[in-house]
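The values are calculated or read from the model by the stated rules, or taken from the named source; none is laboratory data. All of these numbers come straight from a predicted model, not from anything done at the bench. Cβ coordinates were reconstructed from backbone atoms using ideal geometry, including for glycine residues, and neighbour counts include every protein chain displayed.
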Amino acid sequence: MNESNDDTIETLLRRQFEGPVLDDGFSERVMRHLPLRRRRIAWPIWLGVLIGAAACWICLTNVPLLYVGWRDSLAGVLSPAVIGLWLAMAALSLLALGWGLVESRDR
């Protein structure tokens, strides 16, 4: 099935739906025997973020353009290094936003 047929199928099903299906409590018994949903553990995500940030910091410590851009930005000077730094931050933010939207659509 694809999304273009979903509305049509849902309309047909709702038109013929006469109420809940009687199952003599089968659904409730099944739900009682299912295991509880496990909580997601957050520490692996935060550890990955921390390791990624540290790796980026180590890789960028020898880039002079980063230092010049940061210095000029703090001084209020609009230089090509500052513009490049802002463009890089904007591009990475948009990339993270797009990735988050694509991942949330799958759920």
Just to be sure, is Asp7 surrounded by 10 or more Cβ atoms within 10 Å (Cβ to Cβ) and at pLDDT below 90? no
The correct count of residues that are assigned to a helix (DSSP H, G or I) and in contact with a helix residue (DSSP H, G or I) (Cβ under 8 Å, 6 or more places away or on another chain) in segment 70-85 is 7
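Take the residues of segment 76-107 that are among the small types (Gly, Ala, Ser) and loosely packed, with under 10 Cβ neighbours inside 10 Å: which is nearest to the chain's Cα centre (by Cα)? Steps first, answer last, please.
Of segment 76-107, the ones among the small types (Gly, Ala, Ser) are 76, 79, 81, 84, 88, 90-91, 93, 96, 98, 100, 104.
Filter once more, keeping what is loosely packed, with under 10 Cβ neighbours inside 10 Å: 76, 104.
Working: Gly76: 34, Ser104: 6 Å.
The residue in question is Ser104.
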Which listed residue is of a type outside the set (Asp, Glu) and closer than 30 Å to Ile83 by Cα, from Ala55, Ala42: Ala55
